[in-house]
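Here's the structure, in C-alpha cells; my notes come after.
The values are calculated or read from the model by the stated rules, or taken from the named source; none is laboratory data. Everything quoted here is computed from the prediction, not taken from an experiment. Every residue, glycine among them, receives a Cβ derived from its backbone with ideal geometry; neighbour counts consider all protein chains shown.
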Amino acid sequence: MALWQAFMIGILGYFGVNRTPWFFGQSGGFNGIGQPIVACTIMGVMFGKVPEGLAVGVALQAMYLGVIQPGGALPSDRGFATFIGGSLAIASGTGVEGAIALAVPLGLMGVALFQLCMTFNSYFPHLGDKAAAKGDCNGIARAQYLAQVPTFLIYVTIYTMANYLGVSFVEGMISMLPAQIIKALSIMGKILPAIGFAMLLQYIVVRGKEWMIGFFIMGFVLIIGTSFNIVSLTMFGVGVAILFVVARYGNELKGGLGNKTTTTANNGGDDYDE
C-alpha cells in the first residue's frame with residue numbers, strides 16, 4: 001500500500017472516530033463514515049476493488065450490529081477493525097476471512113487506544129468549564145476544537161502506520177495479546193452477527209405482528225438457497241414491500257386520492273382562498 005493511500009485511510013478513520021464534530025457530528029461521522037459498510041466501500045473505490053470492499057464492509061457491519069456502548073463504555077473498537085483490518089484485507093486480497101481474522105483482536109486493541117485518547121481529552125472539558133464561567137463563548141468553542149488535536153494525532157498516526165507497514169506490523173501488534181484472549185475474541189466475533197440480527201428482530205417483530213417473522217425467514221432462505229447477493233436481496237425486499245403496502249393500504253390510498261379530487265372539484269379547482 002502506498003503511503004498516500006495509508007494516510008488517506010488515516011484521515012478517513014479519524015473522521016469516523018466517535019466524538020468527532022465533523023460531518024454533522026456523530027450522524028455523518030461515527031454513524032456515517034465510521035460504519036464498516038460505508039468505509040469499506042470508499043476504500044474499495046480507492047484500491048479499485050469495489051466488490052471486495054463491499055463484501056468486507058457487509059461482513060464487518062454484521063459483526064458490529066449488536067455492539068452497543070452503555071454509558072460510553074466501548075466493548076470493541078469498530079474503527080480499528082474497519083480502518084486497519086478491513087483496509088488491509090481489501091488491499092491484500094484476503095477478503096472477508098482476512099478481515100474477520102484481523103478485526104476481532106484489533107477491536108480490543110482499539111478499546112485501549114480509545115481509553116488513552118479519552119484520558120488526554122479529559123483536560124479540555126475543564127478548559128471549557130473555565131471559559132463558560134467567564135462567559136467566554138469563543139473559549140468554549142476553542143476547547144472543543146483543541147480536544148480534536150490529540151484525537152487526530154493518535155488515530156491518524158496509528159492508522160497510517162498500520163496500513164503502510166502492512167499485515168506483518170499488525171500481526172506483531174496482535175502477538176502482544178495473550179493467546180487465550182485472542183481465542184475468546186474469535187469466538188465472540190462469530191457470535192456477534194447473531195446477536196445483532198436478534199436485536200434487529202426485536203424491533204421488527206412486535207406484539208400483535210408476530211407474522212412479520214415470515215419476511216425474515218423468506219430473506220434467510222433466499223440468501224442461503226439462491227445466488228442472491230446483498231444488493232439483489234435488497235431490491236427484492238423493496239419489491240415485496242411495495243406489493244405489501246399496495247395490497248394492505250391500496251383502498252385507503254385510493255380513498256384519500258378520491259377525497260382530494262372531490263374537494264378540489266368542489267372548490268372549482270382553486271388552490272387558494274379568496
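Quick one: in the stretch 13-22, of everything that is within 13 Å of the chain's Cα centre (by Cα) and hydrophobic (A, V, I, L, M, F, W, C), which residue is modelled with the highest pLDDT?
Phe15
For the stretch 60-83: of the residues being among the β-branched types (Val, Ile, Thr) and surrounded by 15 or more Cβ atoms within 10 Å (Cβ to Cβ), which is modelled with the highest pLDDT?
Thr82
Report, by residue number, each residue of the stretch 103-116 that is touching a residue at least 60 places away in the same chain (Cβ under 8 Å) and either surrounded by fewer than 23 Cβ atoms within 10 Å (Cβ to Cβ) or under 17 Å from Met1 (Cα atoms) (or both).
Selection gives Leu108, Met109, Phe114.
For the stretch 196-213, which positions are loosely packed, with under 10 Cβ neighbours inside 10 Å and in a helix (DSSP H, G or I)?
Gln202, Tyr203, Glu210, Trp211, listed by residue number.
Just need a number here: residues in the stretch 3-22 that are among the aliphatic types (A, V, I, L, M), surrounded by 17 or more Cβ atoms within 10 Å (Cβ to Cβ) and assigned to a helix (DSSP H, G or I).
Adding up the residues that qualify gives 4.
How many residues does the stretch 23-47 hold that are modelled with pLDDT of 80 or more and either in contact with a strand residue (DSSP E or B) (Cβ under 8 Å, 6 or more places away or on another chain) or part of a loop (DSSP other than H, G, I, E, B) (or both)?
Looking only at that region, the number is 3.
Quick check on the stretch 84-94. Is at least one of its residues over 19 Å from Met1 (Cβ atoms), surrounded by fewer than 20 Cβ atoms within 10 Å (Cβ to Cβ) and either out of contact with any strand residue (DSSP E or B) (no Cβ under 8 Å at 6 or more places or on another chain) or modelled with pLDDT of 85 or more (or both)?
No: zero hits.
Taking into account only those residues within the stretch 95-117 that are in contact with a Gly (Cβ under 9 Å, 6 or more places away or on another chain) and of a type in the set (Val, Ile, Thr), which is modelled with the lowest pLDDT?
Val104
For the stretch 144-162, check the following and say yes or no: at least one residue is exposed (fewer than 13 other Cβ atoms within 10 Å of the Cβ), in the same structural domain as Gly16 (by TED's automatic domain parsing) and among the small types (Gly, Ala, Ser).
no
Pairs only if they're at least six apart or on different chains, beta carbon under 8 angstrom, first in the stretch 1-21 and within 13 Å of Tyr164 (Cβ to Cβ), second part of a loop (DSSP other than H, G, I, E, B); list them, first residue then second.
Met1/Gly166
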